[in-house]
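The next block holds one structure in the form of structure tokens; read it before the comments.
The values are calculated or read from the model by the stated rules, or taken from the named source; none is laboratory data. Just so we're clear, the structure is a prediction, and the values are computed from it rather than from any experiment. Positions of Cβ are generated from backbone atoms using ideal geometry, with glycine treated the same way; all protein chains shown enter the neighbour counts.
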């Protein structure tokens, strides 16, 4: 079965290789505002947005998979600045490229059993497309929202360095992560384009980027639950180990990122009801201010066991998920959930029986 699956992946990839290139280009142009979502309408090519009165903004939205970044971003876009700027901003999200990938769509149509392998197959392509869009948008001085896990420290640090200098020089994608013959690793994600300088905006030199960070953190087991729910509802799945690793690495790197950006905020999405809670704030060169009662969540996630096979192996002892007052203890393990689970199981079995009956007719 595995061999047959791999052969199918290779066949679909080969048949749609050229279509993928054109589709990715169109998606990048849509994100930049060069074409409308309705391809039947012709549009004028947009010139780079003028920022004569203020610096453009690069907003990093970071957090592990399933942390709740989309929920927080919705609130961010309601703030006065983004209400005015969001319509012309470039939003960069690798998952968006993944879902529009023609190969991903073709393989996803084959059935849910290939969800994780399908996502992994197109991961590098979608990541490269997001990086290409990012460097293009920064070269043009656009407001940018970059939505990702921010779990790989060298990539984020190099991206911030590029953004600090892109008003003086132009960049392109570098070779990325490379393992040399001797086993040494080199990481070069962005390269300066020699002999090219950014165009002036309205006859003025471009202003440097203001770089902001919005981090989102939650107890990792809640993120795993959200990931399972999303896999069922949206057919988007990730491996639990990869998910846990993304949470741990972001939590470990967050304080380093805070030192490199102009403004940083940290939200906690542990609550099942109500909005995300702001638990950390840093402006310019000031020290990160934190909620002492809530910041332990970040520390806890930074030390989690990404190889855990169950929730009881997730944290060191004493395990906070087993304490009274935790969502796992008070809600997930609540005896009242037994009846709800039985009703859900009955409903699922009923739907599956109806599906089998209709397919046999």
Residue satisfying all of: in segment 134-164; touching a strand residue (DSSP E or B) at 6+ places or on another chain (Cβ under 8 Å) and farther than 25 Å from residue 246 by Cα; surrounded by the fewest Cβ atoms within 10 Å (Cβ to Cβ) among these: 164
Tally of residues being surrounded by 13 or more Cβ atoms within 10 Å (Cβ to Cβ) and closer than 19 Å to residue 70 by Cα across segment 250-279: 15
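Give, as residue ranges, the helices (runs of 4 or more DSSP H) completely inside segment 53-111 that count at least 2 residues that are out of contact with any strand residue (DSSP E or B) (no Cβ under 6 Å at 6 or more places or on another chain) and at pLDDT 85 or above.
Per the criteria, 69-76, 80-85.
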Selected residue [touching a residue at least 60 places away in the same chain (Cβ under 8 Å) and under 21 Å from residue 310 (Cβ atoms)] from 260, 213, 222: 222
In segment 140-195, the residues that are at positive phi, in a loop (DSSP other than H, G, I, E, B) and without any contact (Cβ under 8 Å) to a residue 60 or more places away in the chain: 183, 195
Among residues of segment 280-325, those that are touching a residue at least 40 places away in the same chain (Cβ under 8 Å), closer than 16 Å to residue 257 by Cα and surrounded by 14 or more Cβ atoms within 10 Å (Cβ to Cβ), counted: 3
